[in-house]
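Undergrad: For reference, the structure I am asking about is given below.
The values are calculated or read from the model by the stated rules, or taken from the named source; none is laboratory data. Predicted model, so just to flag it, every value in this text is computed and none were measured. Backbone-built Cβ (ideal geometry, glycine too); neighbour counts: all protein chains shown. With ligands, DNA and RNA removed, areas are computed over all heavy atoms of the protein, side chains included. Shrake-Rupley method; radii C 1.70, N 1.55, O 1.52, S 1.80 Å.
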Amino acid sequence: MKRNKYSLGRNIIFHLKSAKQWNKWVCYFQFLDVIPDMSATFLGIWLPSLIVSELQEGVSLKVLMASIIIISLGMLISKVINAGMSQYLYRHGLSLTLYYDKLAFEKTMKIDYDLLESKDVRKLMGNVWGTLRNEFAIRWSVTAMPELIISVFSSVLYGVLLCRINYVLVLVLILTILVNAFLLKQVRDVHGENHKELSRYTRAVSYINSHAMERSDGKDIRIFQMQDWFLKKYDDAILGMDRIYGKIHTQYFLRRFKELGFGFIAEIISYGYLAYLMSERRISVSEFVFSIGIVRTFLANFSRLIYMIQNLNNIHAFLTYIRKLLDLPEKEEREFYHTDRNKGVEIEFKDVSFRYPDADTEVLSNINITIHSNEKLALIGLNGAGKTTFVKLLCGFYKPTKGEIFVNGIPQSEYDRDEYVSLVSALFQDSMLFPVTVDENLTGSVTEQTDAKRLEYVLKLSGFEKRYESFSQGGKTKMVREANENATDVSGGEKQKLLFARALYKKAPLMILDEPTAALDPIAENELYLKYGEAAKNRTVVFISHRLSSTRFCDRIALLEGAHIIEEGTHEELLLKNGRYAELFELQSKYYREGEVG
């Protein structure tokens, strides 16, 4: 029989190992905390019994006070040690959450991009991040381990002591606790059912919170006077949530009322039986006092044990999620081919097809095209034609469903991933700025490693030079205000130029420009095209665009439509063919001409 890799026991072992790896005392204290806790509890049960016993024996007040002081001091020391360990665990439970954060981030950045975009992995990551955002879940898992161990040991110890009095009494107490546990499970099931209905209102509240506070949405809300609508929807959601919370908490109140009733019955039976034994002189007064303490401690610890077991599911689920994420395959070490970075590379798509998981149709089908070294290729097509997928295949983010991509005659799949990434520079349509300095954004390195001459060259070529010189702290100016106080933001067009400069700075033999002029005005766009030839020198360049006016700057054009490359050639050749490219070019040209006339 195959063992469950993510069983509760294995998950707990992983959790303890993670704690030890992060901070060994977080691991050790989860076990050591048991000793002072149980010691303090046992001394607290024994002290009243000892006082009664010594009073019955007629010991002197001096001896009695000495016993009280010694045992009380032992309790105090045990409680202080327990409090210190518990506080240490609580404090570092948050740190352990951050450690799991780091493990998850590190893994996410190492796995292949196609895994990162897969439906199952996205769902798994959502579960991981959902738990990590709730810091108390991980913190509870750290403080819960000693509680679980204490509950087990105490239930066994005091259960055995009770069995010496009467094993039937133990069974009655256990039955009472199990009934209460069953009642709690019933309430939680009802809670779960109501929570499904609650999600309808929480989604509405989340939507209103995000859009009402969003600066860019504020314009539309004010122009179309939707303030009252947002407030009405919010009021409706609050009332709906309050109604459901009322139903949930009524059930919990009724469960608590029943629990108190069963607890009352258990205590009447326990104390009544012990009183009977004392009245029959089968136990002494001191034994009666000691037994009362045992009953109460057993009830408390066995109840806590059941509660802990019921609540282990939450941490068990998270540990399963995080372990599954960490078990995802990473890159394989492969041979380095040491490609010459001073000249372009030749790319060949041979019978390449790609279909997204669970998709009915192929996004690309039997693509055959060779992009020659130092060639400038324009890949054009309408939205949804598959241009973005083509780029992701070219970058190595996706693997072809069928066929093979060759780079300088070597299958793309045989390259070491780090080497292959070093061969590619890209300006994506949705590229991001990093929350570091301007220079670090441009160069991808610390300032001390910056090639000043190259940086100056790419700033001029990209048109970002003037904006760069205007920064108060020059290249050391911080970017992205969400992450850095007093950071500087740039406009859409300036961001595009900065990203273009970054793509140029990385002297990679293959450069991909995905809609590089999308955020530029016509003048800036024309300036970029004039510099395009110099930027592409000694590189293989793939230029992705839906603006056909840009294609004349390229050596060759490939038109992608219906998952196939349907036309290839220069701008002039494709116009002479009078095919689909010529049709699209005429439509766009007509639009621009009509715009000029208007």
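Undergrad: Mind checking which pairs have a first residue in the range 72-93 that is under 12 Å from M38 (Cα atoms) and a second that is open to solvent by 90 Å² or more (accessible area, probe 1.4 Å) and assigned to a helix (DSSP H, G or I), Cβ under 9 Å, 6 or more apart or different chains?
TA: Filtered contacts from the range 72-93: S78/I35; I81/I35; N82/I35.
Undergrad: Go through the range 104-156 and count every residue that is in contact with an Asp or Glu (Cβ under 7 Å, 6 or more places away or on another chain), in a helix (DSSP H, G or I) and either buried (at least 19 other Cβ atoms within 10 Å of the Cβ) or β-branched (V, I, T) (or both).
TA: Number satisfying all stated conditions: 3.
Undergrad: Here's something else I'd like to know. For the range 376-417, name all the residues that are in contact with an Asp or Glu (Cβ under 6 Å, 6 or more places away or on another chain) and either open to solvent by less than 20 Å² (accessible area, probe 1.4 Å) or part of a strand (DSSP E or B) (or both).
TA: K376, G381, A385, V391, Y398, G403, F406, P411
Undergrad: Quick one: in the range 477-491, which of the residues that are part of a loop (DSSP other than H, G, I, E, B) and within 17 Å of T443 (Cβ to Cβ) is modelled with the highest pLDDT? Spell out how you get there, then give the answer.
TA: Of the residues in the range 477-491, the ones part of a loop (DSSP other than H, G, I, E, B) are 477, 480-487, 489-491.
So of that shortlist, the ones also within 17 Å of T443 (Cβ to Cβ) come out as 477, 480, 490.
Numbers: T477: 90, V480: 85, V490: 87.
Across the range 477-491, the extreme among qualifying residues is T477.
Undergrad: Now for a different question. Between residues in the range 157-179 that are more than 15 Å from I292 (Cα to Cα) and part of a helix (DSSP H, G or I) and residues that are modelled with pLDDT under 85 and aromatic (F, W, Y), which pairs lie under 8 Å by C-beta distance while being six or more apart or on different chains?
TA: Sorted first by the residue in the range 157-179, then by its partner, the pairs are I174/F302; T176/F262; I177/F302; V179/F262.
Undergrad: Separate question: Return only the number of the condition from (1) within 23 Å of E287 (Cα to Cα); (2) hydrophobic (A, V, I, L, M, F, W, C); (3) in a helix (DSSP H, G or I) that A19 does not satisfy.
TA: (1)
Undergrad: Those residues that are surrounded by 19 or more Cβ atoms within 10 Å (Cβ to Cβ) and either hydrophobic (A, V, I, L, M, F, W, C) or part of a loop (DSSP other than H, G, I, E, B) (or both), I need them from the range 462-476; list them, please.
TA: Listed by number, the residues that qualify are G463, F464.
Undergrad: Could you say which residue among I223, I269, I248, I244 is without any contact (Cβ under 8 Å) to a residue 40 or more places away in the chain and of a type in the set (A, V, I, L, M)? Write out each step before concluding.
TA: Working: I269 fails: without any contact (Cβ under 8 Å) to a residue 40 or more places away in the chain; I248 fails: without any contact (Cβ under 8 Å) to a residue 40 or more places away in the chain; I244 fails: without any contact (Cβ under 8 Å) to a residue 40 or more places away in the chain.
When all the criteria are applied, what remains is I223.
Undergrad: Tell me yes or no: at least one residue of the range 111-122 is basic (K, R) and under 17 Å from R133 (Cα atoms).
TA: yes
Undergrad: Of the residues that sit in the range 311-331 and are closer than 12 Å to A144 by Cβ and crowded, with 16+ Cβ neighbours inside 10 Å, which one is farthest from the chain's Cα centre (by Cα)?
TA: It comes out as L312.
Undergrad: Which of the residues spanning the range 421-446 are open to solvent by 10 Å² or more (accessible area, probe 1.4 Å), assigned to a helix (DSSP H, G or I) and not small (G, A, S)?
TA: Correct list: V421, D439, E440, T443.
Undergrad: Only one of S18, S95, S72 is over 28 Å from the mean Cα position of the chain (by Cα), open to solvent by less than 90 Å² (accessible area, probe 1.4 Å) and either among the small types (G, A, S) or at pLDDT below 90 (or both). Can you tell me which?
TA: Working: S18 fails: over 28 Å from the mean Cα position of the chain (by Cα); S95 fails: over 28 Å from the mean Cα position of the chain (by Cα).
From the options S18, S95, S72, the qualifying one is S72.
Undergrad: Being of a type in the set (A, V, I, L, M) and either open to solvent by 50 Å² or more (accessible area, probe 1.4 Å) or in contact with a helix residue (DSSP H, G or I) (Cβ under 8 Å, 6 or more places away or on another chain) (or both) is the filter; apply it to the range 485-503 and report the residue that is nearest to C395 (Cα to Cα). Please lay out each step first, then the result.
TA: Let us first name the residues in the range 485-503 that are of a type in the set (A, V, I, L, M), namely 487, 490, 498-499, 501, 503.
Add one more test, that the residue is either open to solvent by 50 Å² or more (accessible area, probe 1.4 Å) or in contact with a helix residue (DSSP H, G or I) (Cβ under 8 Å, 6 or more places away or on another chain) (or both), and what stays is 490, 498, 501.
Details: V490: 27, L498: 21, A501: 19 Å.
Per the stated criteria, the residue is A501.
Undergrad: Contact list please: Cβ distance under 9 Å, first residue in the range 188-214 and surrounded by 13 or more Cβ atoms within 10 Å (Cβ to Cβ), second residue of a type in the set (S, T, Y), pairs at least six apart or on different chains.
TA: Filtered contacts from the range 188-214: H191/Y252; N194/Y245; L198/Y245; A204/Y234; V205/Y234; I208/Y234; A212/Y234.
One line per residue, one yes/no per condition, for (1) at pLDDT 75 or above; (2) crowded, with 19+ Cβ neighbours inside 10 Å; (3) of a type outside the set (D, E):
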| position | (1), (2), (3) |
| --- | --- |
| T517 | no, yes, yes |
| L520 | no, yes, yes |
| E527 | no, no, no |
| A582 | yes, no, yes |
| Y591 | no, no, yes |
| V597 | no, no, yes |
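Undergrad: Determine whether I51 is out of contact with any strand residue (DSSP E or B) (no Cβ under 9 Å at 6 or more places or on another chain), free of Cβ contacts under 8 Å to residues at least 40 places away in the same chain, part of a helix (DSSP H, G or I) and not acidic (D, E). Quick ask: steps written out before the conclusion?
TA: Values: out of contact with any strand residue (DSSP E or B) (no Cβ under 9 Å at 6 or more places or on another chain): yes; free of Cβ contacts under 8 Å to residues at least 40 places away in the same chain: yes; part of a helix (DSSP H, G or I): yes; not acidic (D, E): yes.
It is true that I51 is out of contact with any strand residue (DSSP E or B) (no Cβ under 9 Å at 6 or more places or on another chain), free of Cβ contacts under 8 Å to residues at least 40 places away in the same chain, part of a helix (DSSP H, G or I) and not acidic (D, E).
Undergrad: Across the range 21-31, which residue is surrounded by the fewest Cβ atoms within 10 Å (Cβ to Cβ) among those that are over 26 Å from the mean Cα position of the chain (by Cα) and touching a residue at least 60 places away in the same chain (Cβ under 8 Å)?
TA: Step by step, filter the range 21-31, then rank; the result is F31.
Undergrad: For the range 1-14, which positions are open to solvent by 10 Å² or more (accessible area, probe 1.4 Å) and either touching a residue at least 60 places away in the same chain (Cβ under 8 Å) or not hydroxyl-bearing (S, T, Y) (or both)?
TA: M1, K2, R3, N4, K5, Y6, L8, G9, R10, I12, I13, F14
Undergrad: Also, quick follow-up: What number of residues within the range 226-250 are more than 33 Å from the chain's Cα centre (by Cα) and at pLDDT below 85?
TA: Within the range 226-250, residues that are more than 33 Å from the chain's Cα centre (by Cα) and at pLDDT below 85 number 3.
Undergrad: Of the residues that make up the range 32-40, is at least one open to solvent by 40 Å² or more (accessible area, probe 1.4 Å) and among the acidic types (D, E)?
TA: No, because not a single residue in the range 32-40 is open to solvent by 40 Å² or more (accessible area, probe 1.4 Å) and among the acidic types (D, E).
Undergrad: Quick one: R552 ticks every box in (1) charged (D, E, K, R); (2) over 29 Å from A508 (Cα atoms); (3) at pLDDT below 90 except a single one, so which number is it?
TA: (2)
Undergrad: Confirm whether L43 is in a helix (DSSP H, G or I), open to solvent by less than 40 Å² (accessible area, probe 1.4 Å), touching a Gly at 6+ places or on another chain (Cβ under 7 Å) and more than 29 Å from L98 (Cβ to Cβ). Steps first, please.
TA: Working: in a helix (DSSP H, G or I): yes; open to solvent by less than 40 Å² (accessible area, probe 1.4 Å): yes; touching a Gly at 6+ places or on another chain (Cβ under 7 Å): yes; more than 29 Å from L98 (Cβ to Cβ): yes.
Taking the combined requirement at face value, the residue satisfies it.
Undergrad: Of all residues in the range 535-546, which are open to solvent by 50 Å² or more (accessible area, probe 1.4 Å) and of a type in the set (K, R)?
TA: K537 - this is the single residue of the range 535-546 that is open to solvent by 50 Å² or more (accessible area, probe 1.4 Å) and of a type in the set (K, R).
Undergrad: Output the residue which, of all residues in the range 351-375 that are open to solvent by 40 Å² or more (accessible area, probe 1.4 Å) and acidic (D, E), is farthest from D120 (Cα to Cα).
TA: This residue is D351.
Undergrad: If you go through the range 197-223 one residue at a time, how many are closer than 24 Å to I248 by Cα, of a type in the set (S, T, N, Q) and in contact with an Asp or Glu (Cβ under 9 Å, 6 or more places away or on another chain)?
TA: The number of residues fulfilling the criteria is 0.
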